[in-house]
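No value in this document is a laboratory result; all are computed from the given coordinates. Computed from a predicted structure; not experimentally measured. Quick reminder, even Gly has a Cβ in these numbers, built from the backbone with ideal geometry, and neighbours come from all protein chains shown.
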Amino acid sequence: MKRDIERLMAERDLGALIVTGKILGNPPMKYLVGDAGLTTAIIVKIRGGKTILVHGVMEREEARSTGFELMDFEVFGFTEIIRQGKSPMEAQKELLKRIIGRLGIRGKVGLYGRLEVSRYFALMQELSGELDGVEWRWEREEDLFSAARLTKDKDEIGAIRSVGERTSIVIDEVVQLLRSAKRSKGILIDPESKKPLKVRDVKRQIALSLAKQGLLEEEETIFSIGYDTAVPHNRGKVDDTIGVGQPIIFDIFPADPRSGYYYDVTRSMVVGDPPEEFLRLYEDVRCACETAAGLLAEGKSASGVNDAVIEYFQKKGHPTLQTKGNFTEGYCHGLGHGIGLDVHEQPALSLAPMPHDRFEKGMVFTVEPGLYYPGRSIGVRIEDVYFINEDGVGEKVVEIPEVYHID
C-alpha cells in the first residue's frame, strides 16, 4: 500500500526516489498522482521528508489536485535548456541534474517509471559520472513500487470494484446481442444487418459498450469461438461467423483511464443447445473455481491453492502441467495473477511458489481455471477477481453472473 513506501525506502536504504515518464501506461507514476489529469511529470520523494511534483506550467491546475508540493519545469529553466539546442536526452539529463542539485538530493537514489530502456540506461550511466554524492540504486528482483502495490487499500479496491461493476454491464450487453440474434442454418444472424453475425460484430459491440461505461480497452478483448477457445490467449478471428452450439470464450480486461485500475473476467458460453462435452468441461471448471475459492485465506499458500485445483482436475481425468510433456491440453496454465494498475502483477497463483506466495489482507487477484482440448476444438475458462478482506478470507470483488447457456 502507499503507506508502505516510506518503510520500503528505509529497508532498501534509499534516501530519495525519482519517478519519471508519462502518466498513461506508467503504473509507478499513476500510483502516486491518482486521477490527476497530467501527461508527464517528475516526482521526487525524500525519505522522511517531502514529496515534490515537477510539472508543466500548462498542467498546474491538475498538478494541484495531487496534494504534493509543486514546482513547474520553468523553476529549473527547462525552456532555457531547450533553447540551447540540446538533444532530447541531453535536455532531460540537464533537467534531472538541476532538480537533484536544487533539492539537495544526496546518497542512494532509486529511479522508477516505465521508460525506454536503451535511452535511460545511457542517461543514468552518464549522470552517474556527473553527480557528486549521488549513487543510483538498481533493484534486480522486485522494485519498490511493485512491493507497495502488492496489497491494496480500501480506495484502490473500490476503484477496482467500480471497473468490475461496469464490466459486468458490458458483458450483459454482449449477451443480449447474442440472445437477440436470429438463428438460421446453424449460424447467428445479426438482428440489424440481417447478415451472419461475426466475431468482428461482437467486438464492435464490446468497444461501444466499454466506451459508454468510460472504460479503456488497452489490449484487444478475447472473444474466441470453436477451435480458438482451445488456445487460452487466442483473441478470436474477426471474420469467423458465430455458430449455434459452438463454445465461446469471452475474456475482457478493461481499465479506467482516470484511476488506472483494471478488472479481468472470463465467461465461457454457448448460444443454443450446449454440447454434452461442453457441459461436462464447464461443470469441472466451475467445481475447480469453488475448490479454489474455499481455500483463499490470509496466510494460505497461493501455489498451494493451484496444487489443489491440479489435484481436482487430475482426479477428473484431465492432464495438467504436472503431466509429463504436456503444455497444451487440459489444465495448462496457472490459476491466477494479481491485478491492479497492471492487468498482470503479483501475487502469482502458479505451479511453483513465487515471491509473496502467502496471501495477505488487501491482495487482489484473479482465479481462472480452464480446460482446453485443441484436438476436439473446445476450451472452457471461468475467471473472477477476489481479494483478501479484513476478516482474512477471500471475497469476490464483484459478483458477476455466470452465463454459459444463451437460449
- Would you tally the net charge around Ala36, using a Cβ to Cβ cut-off of less than 15 Å, leaving Ala36 out, and scoring K and R as +1, D and E as -1? -2
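How high is the FRET efficiency between Arg83 and Leu208 when r is their beta carbon distance and R₀ equals 41 Å, given to the nearest 0.05? Don't skip to the end; give the middle numbers.
On the way: r = 46 Å, r/R0 = 1.13.
About 0.35, to the nearest 0.05.
Relative to the present Cα-Cα distance, how much length would full extension add between Glu116 and Thr39 at 0.36 nm per residue of separation?
Working: separation 77, 0.36 × 77 = 27.72 nm, distance 1.64 nm.
My answer for the length gained is 26.1 nm.
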- Message: So if I take the centroid of the Cα atoms in the stretch 126-202 and the same for the stretch 272-323, what is the distance between those two points in Å?
- Response: 24
- Name the residue farthest towards the positive end of the dipole of the stretch 2-148 from the options Gly49, Leu32, Gly107, assuming +1 on Cβ of Lys and Arg, -1 on Cβ of Asp and Glu, about the Cα centre. Gly49
- Would you compute, from DSSP H runs of 4+ residues alone, the mean residue ellipticity of the chain at 222 nm, taking -39500 (n - 2.57) per run and dividing by the full residue count, rounded to the nearest 500? -10000 deg cm²/dmol
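Below 8 Å, C-alpha to C-alpha, sequence gap of six or more: please give me the relative contact order for the stretch 2-148 in percent. Display every interim value, and only then the final one.
Working: 205 pairs, mean separation 41.4, N = 147.
Worked out over the stretch 2-148, it gives 28 percent.
What FRET efficiency comes out for Thr323 versus Thr241 if R0 is 45 angstrom and r is the Cβ-Cβ distance? Round to the nearest 0.05. All intermediate terms of the calculation are to be shown ahead of the outcome.
Working: r = 35 Å, r/R0 = 0.77.
Computed FRET efficiency for Thr323 and Thr241 comes out at 0.85.
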- Message: Which three numbers, in whole Å and largest first, are the semi-axes of the equivalent ellipsoid of the chain derived from its Cα gyration tensor as √(5λ)?
- Response: 45, 25, 18
- Note on the structure: Expressed in angstrom and rounded, the centroid-to-centroid distance over alpha carbons for the stretch 38-86 and the stretch 333-404 is 38
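Take peptides 28-37, 198-207 and line them up by average Cβ neighbours within 10 Å, highest first, as a rough protection proxy. The partial results should precede the final answer.
Working: 28-37: 20.1, 198-207: 18.5.
Result, highest mean Cβ count within 10 Å first: 28-37, 198-207.
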- Charge dipole of the chain built from unit charges on the beta carbon (Lys, Arg +1; Asp, Glu -1), centred at mean Cα; most positive-end Cα among Leu70, Ala148, Met9 is Leu70
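Antiparallel DSSP bridges in the chain: what percent, to the nearest 5? Walk me through the numbers on the way to the answer.
Details: 48 of 63 bridges.
Around 75 percent of the beta bridges assigned by DSSP in the chain are antiparallel ones.
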- Using 0.36 nm per residue, how much length does the chain from Ser184 to Lys50 gain when fully extended, once their Cα-Cα distance is taken away? 41.5 nm
